[in-house]
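S.K.: Before anything else, here's the structure in question.
The values are calculated or read from the model by the stated rules, or taken from the named source; none is laboratory data. Nothing here was measured: the structure is a model prediction, and the numbers come from that model. Here Cβ is always computed from backbone atoms with ideal geometry, including for glycine, and neighbour counts include all displayed protein chains.
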Amino acid sequence: MRSERTSQASFEAFALDHLTVIEATPLVLAETAARAGFRRLCTFVRSIDGLGGPSFDLTRDGGARAATRAALDRLGLSVDVAYPFTISDRTRPGDFEADLACAAELGARFVNLLVFARDSGRIQDETARFCERAGCHGLGVAIEMVPASTVRTLAQAAALVRSLGSPGNVGVNLDVLHLYRSGDDPRAVTPYRDDIVYLQICDGPLDLPVEGRRAEASLQRRLPGRGDFALRELLESLPLVPASVEIPDAAAMRAGRDPVQRARAAGEAASAILG
């Protein structure tokens, strides 16, 4: 990945995240990614309420799942990360089995894991069991640190990863926005660089009122180069990890801007910071 970043300005080095074109089903996401020039993508296996996209469930809808997999194969696309997987106080490891099987059928490399359970002992046990089940399906696990979750910081995510003892198969999914909103910046990455297995890139202002951060994360991020994040410094501090552009833009959606255009703009903006 590092050689791709330093040797060319092509955004084929980045994957297209579903949040960037949330109005798409996974099938349309694949078609959009191909038309915009991407070779990899990150997809939800089922829709999430409140994000403004269509309703779908690839886990339960075998026809839609098969059509999506066929499109991926036909278009020469691969799946970096599948969502959503969340450990809470109400979940049990068996709850994820069908979704894990779906992610594996799509050929995902990783599944993304959020942790909202509050009991520290339970977090360790449930995460370990989840990672074991994911591994049985041939899936790696990328644990995402989110300020609103139990795993709020990069340091906490890295500590959880290290406690599991599965280097390479389990690691941190580093979302640039969450890094900054947790109070860190690229200087905080170096001690944990080897724990990071995935990167989600976007831009934003250095400061944003707390009450606006949930909407920012899900609905309105900035293109790389349109904000204040030290993205070049961050990329230079990381090991060779795959990366995606995760840049939801609800304003552009409301204005009717074409999803292919938005996807292409996201990729081009991300590539521009490497030049």
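S.K.: What do you reckon, is P205 without any contact (Cβ under 8 Å) to a residue 24 or more places away in the chain and over 17 Å from V115 (Cα atoms)?
M.R.: yes
S.K.: Give the residue that is surrounded by the most Cβ atoms within 10 Å (Cβ to Cβ), with candidates limited to residues of segment 225-260 that are over 25 Å from A142 (Cβ atoms) and free of Cβ contacts under 8 Å to residues at least 12 places away in the same chain.
M.R.: A252
S.K.: Could you run through segment 138-181 and say how many residues are out of contact with any strand residue (DSSP E or B) (no Cβ under 7 Å at 6 or more places or on another chain), closer than 21 Å to L208 by Cβ and among the small types (G, A, S)?
M.R.: Final tally of qualifying residues: 1.
S.K.: Among the numbered criteria (1) over 25 Å from S120 (Cβ atoms); (2) at pLDDT below 95; (3) not charged (D, E, K, R), which one does P205 miss?
M.R.: The one condition P205 does not meet is (2).
S.K.: Name the residue that is farthest from D17 (Cα to Cα), counting only residues in segment 27-75 that are under 18 Å from the mean Cα position of the chain (by Cα) and of a type in the set (D, E, K, R).
M.R.: D49
S.K.: Test R162 against the criterion of being in a loop (DSSP other than H, G, I, E, B) and within 23 Å of T190 (Cβ to Cβ), and give yes or no.
M.R.: In short, no.
S.K.: Filter segment 263-275 for residues that are crowded, with 23+ Cβ neighbours inside 10 Å and not aliphatic (A, V, I, L, M) and give the result.
M.R.: Matches in segment 263-275: G267 only.
S.K.: Does V189 satisfy being over 18 Å from V115 (Cβ atoms) and either in contact (Cβ under 8 Å) with a residue 12 or more places away in the chain or of a type outside the set (S, T, N, Q) (or both)?
M.R.: yes
S.K.: Just a yes or no: is a residue in segment 105-121 acidic (D, E) and assigned to a loop (DSSP other than H, G, I, E, B)?
M.R.: Within segment 105-121, one or more residues are acidic (D, E) and assigned to a loop (DSSP other than H, G, I, E, B).
S.K.: Give segment 144-186 a look and list any residue that's in contact with a Cys (Cβ under 9 Å, 6 or more places away or on another chain) and either surrounded by 22 or more Cβ atoms within 10 Å (Cβ to Cβ) or hydrophobic (A, V, I, L, M, F, W, C) (or both), or say none.
M.R.: Once the filter is applied, which keeps residues that are in contact with a Cys (Cβ under 9 Å, 6 or more places away or on another chain) and either surrounded by 22 or more Cβ atoms within 10 Å (Cβ to Cβ) or hydrophobic (A, V, I, L, M, F, W, C) (or both), segment 144-186 yields L164, V170, D175, V176, L177.
S.K.: Just the residues that are part of a strand (DSSP E or B), of a type in the set (D, E) and more than 17 Å from A24 (Cβ to Cβ), please, taken from segment 53-104.
M.R.: Once the filter is applied, which keeps residues that are part of a strand (DSSP E or B), of a type in the set (D, E) and more than 17 Å from A24 (Cβ to Cβ), segment 53-104 yields nothing.
S.K.: With respect to E268, determine if the residue is touching a residue at least 24 places away in the same chain (Cβ under 8 Å), of a type in the set (D, E, K, R) and within 22 Å of F44 (Cα to Cα).
M.R.: no
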